[in-house]
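Here is the structure we will look at.
The values are calculated or read from the model by the stated rules, or taken from the named source; none is laboratory data. All figures in this text were calculated on a predicted structure; none of them were measured in a lab. Glycine gets a Cβ as well: all are built from the backbone with ideal geometry, and neighbour counts include every protein chain shown. What goes into the accessible areas is simple: the full protein's heavy atoms, side chains included, and nothing from ligands, DNA or RNA. Shrake-Rupley method; radii C 1.70, N 1.55, O 1.52, S 1.80 Å.
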Amino acid sequence: MPNAILRKRAIETLIGTTLAVLLTLAVVAGAFKLSSSLHEDRLSDLRLQGTLELVELREKIEADVHTTLSSLRQIGTALQIDPDMSQAEYSDLAFSIAGKNSAIINLAAATDFRLSLVYPYEENSSILGFDLRDYPDQLAGVTQAVEAGDMIVAGPLDLVQGGVGSIARYPVFVPGDEGDDRLWGIASLVFDHSGLIAAAIGNSIGSDYRLLVTSDGLRDADRRTLFGDIDVRSAADPIELDFDFSGGDWTFLAVPENGWPSNAISHPHNIAIAVLAALAIVAIWLIQIIMRSRNRAEVQLLRAVEAIDGGFAMFDAGGRLLSFNAAYARMYDRCRDAIRRGARFEDILRTGLANGQYPDAVGREEEWLKDRLELHAHPRGEFDQRLSNGRWVRISERRSEDGVLVSIRVDVTELKEAQAAAEEANRAKTDFLSVLSHELRTPLSVITGFVRLVGMEGAMPESRRLASALAETPDVPLPVRSAIEARESSIAQTMRTVLRSAEHLLFLVEEMLDFGQVEAGKLTVRPSNCDVAALIAAATDQCGEKARRKGILLETENADAWVVADPKRTHQILLNLIGNAIKFTEAGSVRISVEAGDEAVEIAVSDSGPGIAVSELGKIFEPFYQVDSSSVRRAGGTGLGLAIARNLAELQGGSLTVSSTEGIGSRFALLLPRSHDEPMRLAGE
Ligand code: ADP
């Protein structure tokens, strides 16, 4: 699983980087596209605005051209009506029609291809009589107009009278003899197109634009400049408009004085686009970096989890598996297939139960499942789990603040085996101690009995017989009699010493036997109503001799109380406590006090001995524990007394506690249940 996730994360990182690169390219391309489309819009706005202005200008020029050309039509019409018009009449007519139009250079009429009428007469009289057929250029224009049957404008032309102008020709037809139209001749108008256009432009947009007006021939080569700058034709994207007047074919080209604006990077549009694009790219890479570092952190975590020796698993608040390491899956060999991300904990357990993963659940699967789910929902620290393959797993579960359950599982099989072996060894030791103590107690009891007998004067029949034989034989010499008596006394003395040692040995053996029973849980008590004063008196009587020998004051304070306790076992406890107090106290006193509460009676044994360090207080109730074994060696003991005493106190529903100050002394408090039917005490008792 972790490998699959690591691969997935690596692929995600690669995809993320690729996506970021592609998005960056897309943003850059988009920025360029947006910039050029905004530029296009700007250009077309400019063109539209320019076109509107130029259309207005064109209409003005068209109107002026039209006015000029209509002069020719009027002359033509007048000639149709009066073909035999004299020069004088013609001059008057032409003046009245065109006298105020400064663009008109001349108005002429030719009948039968010879110039017959001219206006203004003075400037043009020299060309009267010219035969147009002698001028092929002129003739072509004339023929064109005649063939068209309508006015044709041509130009620019080098004029016969000098200069450049445009010429409009109008065929004049008169009624023929047979009622049809007969060509009378041609009326022509030469005008200064350049002046006309310049006057029309005046102060309008001329200064903002470079203009070019051309007259269009049928072929491109025939296109000729009427006005303006010829270079406009080769300029980029000129605005192009056609003139619309009959007989002429003009084109109007215009470009702004400094050409169309380029898409400069410094344009506000482009600056805004560049800033937005830069922000978008920064955001893309920021997201990419965040995703990468998140992935890296997750990968690091996964690797760390994988490196853990034990099993690791994480479940969400709903009990679904969020993450786990390979060691976890390996531990649960019979439900490994169910262990995958997103799987429910209950389903994993059920698969395990179905495959016999948990030996402790066999035969009580549903109950086991309920308990395990409850523990999973409310984890209570550590517990051990046995698996079908004989392994033991120590499970430690905790819930985090957001409800995620973290579970760590350590294989403790070796530990468990060692623990079982230790328990087995302990049991064997206890059994051995019990058997040994038991075997020792019988001969020891016999020894003590006999020693006590031998030590008592006159208790042995042989001693009695020897004493009566001596009494009956007065002539036994005195030295012999003294020697016999000395021997008897020495035997009694020796036997007392042997008896003390034998009794001590018996006490130790008894202690070991009791401890064996404590370990085996076989120690029993028989509680009854007991007089505390009597119990204390019995114990102090037994220990009094020892206290006296050490010069220690043994005193009992008010012992007026009754308890429900086993008298023999309570006596044993008190003997241990008082015995220890005397044993460890070198000088001073041992005090026994009693305090009766409602439910319990406290019997406290306080001494002025060496005291016990705080760090040792908890340990002295452990079997075989002795605070300072060297000093204890001097004092003697097994280290079992307090362990047995506490166990006996608890078996009787009481307790045994200690408080102590080093150098001041110790206080052992035995708490026993108070008896509520105390017998009446007689006065003086
Ligand atoms: P033992 O007396 O046989 O060593 P116990 O179980 O009775 O074993 O006591 C355990 C240890 O507790 C003693 O070895 C001693 O170190 C300490 N101890 C018990 N009673 C006293 C006391 N009254 N004052 C100081 N130390 C004590």
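Before moving on, here are some points about what is shown:
- Residue under evaluation Asn270, criteria (1) of a type in the set (S, T, N, Q); (2) open to solvent by 30 Å² or more (accessible area, probe 1.4 Å); (3) farther than 23 Å from His66 by Cβ, criterion not met: (2)
- If you go through the range 248-284 and pick out every residue that is assigned to a helix (DSSP H, G or I) and either at pLDDT 95 or above or of a type in the set (A, V, I, L, M) (or both), you end up with 14.
- For Asp628, the conditions (1) under 24 Å from Ile552 (Cβ atoms); (2) at pLDDT below 95; (3) away from the ligand (no atom under 15 Å from the Cβ) all hold with the exception of (3).
- Scanning the range 506-533 for residues that are assigned to a helix (DSSP H, G or I), in contact with a helix residue (DSSP H, G or I) (Cβ under 6 Å, 6 or more places away or on another chain) and aliphatic (A, V, I, L, M) turns up Leu506, Val509, Met512, Leu513, Val518.
- In this structure, Asp150 does not satisfy being of a type outside the set (Ser, Thr, Tyr) and farther than 23 Å from Ser246 by Cβ.
- Any hit, the range 390-404, residues being open to solvent by 60 Å² or more (accessible area, probe 1.4 Å), out of contact with any Ser or Thr (no Cβ under 9 Å at 6 or more places or on another chain) and touching a residue at least 60 places away in the same chain (Cβ under 8 Å): yes
- Matching residues, the range 541-568, being at pLDDT 90 or above and open to solvent by less than 30 Å² (accessible area, probe 1.4 Å): Cys543, Gly544, Ala547, Ile552, Ala561, Val563, Ala565, Asp566
- If only residues of the range 508-517 that are among the aliphatic types (A, V, I, L, M) and away from the ligand (no atom under 12 Å from the Cβ) are counted, the one that is surrounded by the fewest Cβ atoms within 10 Å (Cβ to Cβ) is Leu513.
- Listed conditions (1) more than 10 Å from the ligand (Cβ to nearest atom); (2) under 25 Å from Leu508 (Cβ atoms); (3) open to solvent by 20 Å² or more (accessible area, probe 1.4 Å); (4) in contact with a Leu (Cβ under 9 Å, 6 or more places away or on another chain) are all met by Pro623, apart from (1).
- Only residues that are open to solvent by 60 Å² or more (accessible area, probe 1.4 Å), within 15 Å of the ligand (Cβ to nearest atom) and either among the aliphatic types (A, V, I, L, M) or in contact with a Phe, Trp or Tyr (Cβ under 7 Å, 6 or more places away or on another chain) (or both) were counted across the range 639-674, and they come to 2.
- Helices (runs of 4 or more DSSP H) lying entirely in the range 580-677 (those with 2 or more residues that are without any contact (Cβ under 8 Å) to a residue 24 or more places away in the chain): 614-617, 629-635
- Test: residue in the range 62-84 that is within 60 Å of the chain's Cα centre (by Cα) and either more than 30 Å from Ala145 (Cβ to Cβ) or β-branched (Val, Ile, Thr) (or both): no
- Filtered residues of the range 562-581 (kept if more than 12 Å from the ligand (Cβ to nearest atom) and in contact with an Asp or Glu (Cβ under 8 Å, 6 or more places away or on another chain)): Trp562
- Contact map, the range 56-71: first residue in a helix (DSSP H, G or I), second residue charged (D, E, K, R) and modelled with pLDDT under 90, Cβ cut-off under 7 Å, separation 6 or more or different chains; pairs are Glu62/Asp244.
- Within the range 74-116, the set of residues being open to solvent by 50 Å² or more (accessible area, probe 1.4 Å), touching an Asp or Glu at 6+ places or on another chain (Cβ under 9 Å) and farther than 20 Å from Ser126 by Cβ comprises Asp82, Glu89, Ser102.
- Qualifying residue in the range 604-615 (condition: of a type in the set (Val, Ile, Thr) and open to solvent by 50 Å² or more (accessible area, probe 1.4 Å)): yes
- Residue within the range 594-607 that is farther than 27 Å from Gln517 by Cα, at pLDDT 90 or above and within 13 Å of the ligand (Cβ to nearest atom) present: yes
- Of residues in the range 273-313 being without any contact (Cβ under 8 Å) to a residue 60 or more places away in the chain and polar (S, T, N, Q), the one most open to solvent (accessible area, probe 1.4 Å): Gln300
- Candidate set from the range 479-507 (those that are of a type in the set (A, V, I, L, M) and closer than 18 Å to Arg452 by Cβ); member that is farthest from the ligand (Cβ to nearest atom): Ile491
- Filtered by the rule that a residue be over 15 Å from Val172 (Cα atoms) and of a type in the set (Gly, Ala, Ser), the range 105-153 gives Ser125, Ser126, Gly129, Ala140.
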